[in-house]
Amino acid sequence: QVQLVESGGGLVQAGGSLRLSCAASGGTSSTYTMGWFRQAPGKERKFVAAIIRSGGSTYYADSVKGRFTISRDSAKDTVYLQMNSLKPEDTAVYYCAATTSWIATNEAVYRDWGQGTQVTVSS
């Protein structure tokens with residue numbers, strides 16, 4: 001089991017940028033597929049981005065392609081989500097998650113979750 005702690009959320013104006021961090025402990029993050037999900041008020045949690053274990057392939061939701069970038073620093077056991085050109089509809093609690101699966105976009109395969117960090121984008 002790996003423990004995950006997110007940070008970097010906050011309030012930003014539309015068009016701005018934020019970088020979320022997810023620090024992993026209790027395991028080596030590079031051996032896990034790491035994902036970011038988000039949950040807006042009153043809505044279901046949805047997949048945002050993932051980086052696959054070992055190989056490092058990345059996957060993105062269509063809504064964030066070209067604006068968000070997921071990356072991993074194995075030396076720091078940290079995964080990042082760089083968010084650019086933010087829109088009000090990106091407002092949500094963002095969660096980091098880990099799985100040993102090679103399947104990246106299905107929430108059900110993720111076993112370990114962080115506590116979430118709030119991102120609010122004002123118009």
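Computed over the chain, relative contact order equals 36 percent, with contacts defined as Cα pairs under 8 Å that lie 6+ residues apart.
The residues of the chain have, on average, 49 Å² of accessible surface per residue, using a 1.4 Å probe with all protein chains present.
When only alpha carbons are used to place a centre, the stretch 3-39 and the stretch 59-85 end up 8 Å from one another. Considering only protein heavy atoms and a probe of 1.4 Å, how much of the accessible area of the chain is carbon and sulfur, as a whole percent? The value for the chain is 47 percent carbon and sulfur by accessible area. Taking a ≥ b ≥ c as the square roots of the Cα gyration tensor eigenvalues, with a/c under 1.5 meaning rounded and otherwise prolate when a/b beats b/c, else oblate, which class fits the chain? In terms of gyration-tensor shape, prolate.
The values are calculated or read from the model by the stated rules, or taken from the named source; none is laboratory data. None of these values were measured; they are calculated from a predicted model. We work out accessible area using only protein heavy atoms, side chains counted, and drop any ligands, DNA or RNA first. Shrake-Rupley method; radii C 1.70, N 1.55, O 1.52, S 1.80 Å.
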